[in-house]
Amino acid sequence: MSREQKAVECARKAFLTGRSKQTDRHSSEAGTQLYETLGLEGEIVLAVKKLAEWVAPRPVEKNLLTISDTVYIQPEPLGVVLIIGAWNYPWAVTIQPLIGAIAAGNAAVVKPSEVCVHTAKVMEDLLPAYIDKELYPVVTGGVSETQELLRQRFDHVFYTGNSMVGKLVMEAAAKHLTPITLELGGKSPCYIDKNCDIPIACRRVTWGKYSNCGQTCIAPDYILCEPSIQDRVLEEIKKSIKAFYTEDPKTCPDYGRIINQRHFKRIMAMTEDSTIAIGGDSDESTCYIAPTVLKDVQVNSKVMQEEIFGPLLPILTVSGVDEAINFINKGEKPLALYIFSPDDKVIKKVIAETSSGGVLANDCLVHYSVSALPFGGVGNSGMGSYHGKFSFDNLSHLRGCLIKQLKMEGVNDMRYPPHTAKKLFW
Ligand code: NAD
């Protein structure tokens, strides 16, 4: 079996054992394949196909002094990478950085999130069956195990999770001057222009928001729109919720659950001071929260104070695109930013006047699937990026190489003392 076949087989097996994830997160089998393992297979195939190109020396432009020399960038492995994964898409966020680490020639310690206890166990059992267990060990355990790992010296730490722990990771890495990648989250805004096709926009927003029960790092966190379209937006989201998850999402196999009671309580507390326009039902014993939309939400309401990471969708009204941009710019830089508009000028204006990890117009989430785009945050939503060649470059040292010949010594005369004006302006 070739290296590529072996890796793809491992990803497929991960899908087949995706039932562990259903136990952890109430995710459907088809959902696991769609949102996680298909993307991993694509990344594996791409890395194997492009590896020879990625590892090759990259010639660069020369200046006058190096015109007859060999000047190039040589990617080289960093050494040992620590990969700390999160629970919301446990395969994607843990194995995808591992693909980059392996492609770049590193060893890696894989630490899956303890929150998905069954998935962590499957990963611990499965990876050694397919890849070298000495080079890529899996370490399971909780916060104390992660902290112990962080005390060790690595050559890169790749962390996916929340910003608060991101700061602890950065602090620990600083002790060894270890470079890091932080894949964090934040409140990703979604501006809906009154002139767009509202039914299509709402269908796409509903999908982006309620997939995985809102527990997606790039889920649209809240909607900004003009007051004149708020009711239509509500109506269309309601229709889409019904079309995707039936009248009773609780019994729909495609609708997820909140990961645990701590998060359930955190999310439910966010609804306290806002008006529920759609949904709002919940069941603590099964961590069920219905797809919920909050209307006329105020900036200082609880739901606007932190990343929701659950199935609540607040709508805030603004007077137009300028106010939407001002609003976005008052917050931390988000991981994703969504604009729905038929007008290219509106889209380009929002892109030019804001900053975010990534930006997507007229859809949600799908920029994640484009391996040719860097995926990562900026500011509070993270640092560093990955996917495709970006994973390879991020987990490599790009070494600058200059090879001269021991000839043409006359050219160097001007740089040797004594420094005289005559030499400089000859
Ligand atoms: P989590 O609780 O699974 O934590 C992630 C990892 O951090 C775990 O492996 C855990 O062991 C470790 N950890 C937790 N507390 C720690 C501590 N005190 N010290 C050291 N290590 C510790 O995941 P989470 O943080 O709840 O994940 C959700 C967050 O992750 C959201 O903010 C989401 O937006 C973000 N996220 C970002 C991406 C991305 O690609 N940018 C992807 C998924 C999730």
Item to check | Net charge of neighbours whose Cβ lies under 15 Å from the Cβ of A372, counting Lys and Arg as +1 and Asp and Glu as -1 | outcome: 0
Next on the checklist: What does the charge count around P342 come to, taking other residues whose C-beta lies under 9 Å from its C-beta (Lys +1, Arg +1, Asp -1, Glu -1)?
Outcome noted: -4
Checklist entry - Rounded to a whole number of µm²/s, how large is the Stokes-Einstein D of region 252-341 at 25 °C and 0.890 mPa s, given Rh as the Kirkwood radius over C-alpha pairs? => result 170
Next on the checklist: For region 35-91, what does the convex hull of the Cα positions come to per residue, in cubic angstrom?
Outcome noted: 139
Item to check | Cross-link pairs K265/K302; K238/K345; K167/K333; K187/K333; K62/K422 - those with Cα-Cα distance over 20 Å | outcome: K238/K345; K62/K422
Checklist outcome for this item: With the chain reduced to its Cα atoms and the Debye formula applied, log10 I(q)/I(0) at q = 0.06, 0.08, 0.12, 0.14 1/Å amounts to -0.30, -0.50, -1.00, -1.27
Item to check | Relative packing of peptides 182-188, 366-372, 64-70 - highest average C-beta neighbours within 10 Å first | outcome: 182-188, 366-372, 64-70
Checklist entry - So what is the calculated 222 nm ellipticity per residue for the chain, using -39500 (n - 2.57) for each DSSP H run with n of 4 or more, over all residues, to the nearest 500 deg cm²/dmol? => result -11500 deg cm²/dmol
Checklist entry - What is the dipole size for the chain, taken about its Cα centre, with +1 at each Lys and Arg Cβ and -1 at each Asp and Glu Cβ, in debye to the nearest 20? => result 1080
Checklist entry - Which of these, I131, I95, I237, has the largest mean-square fluctuation under a Gaussian network model of the chain (Cα springs below 10 Å)? => result I131
Checklist outcome for this item: Taking every alpha carbon pair in region 317-418 and sorting the distances into 10 angstrom bins from 0 up to the bin holding the longest one, the percent per bin comes out as 13, 31, 21, 11, 11, 11, 3, 0
Item to check | Antiparallel content of DSSP bridges confined to the chain, in %, to 5 | outcome: 35
Checklist entry - Quick one: if you stick a label point 7 Å off each Cα along the C-beta vector at A52 and D322, how many nm between them? => result 5.7
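No lab work stands behind these numbers, since they all come straight from the coordinates. Every value quoted in this text rests on a predicted model; they were computed, and no experiment measured them. Here the Cβ is made from the backbone with ideal geometry for all residues, glycine too, and neighbour counts use every protein chain on show.
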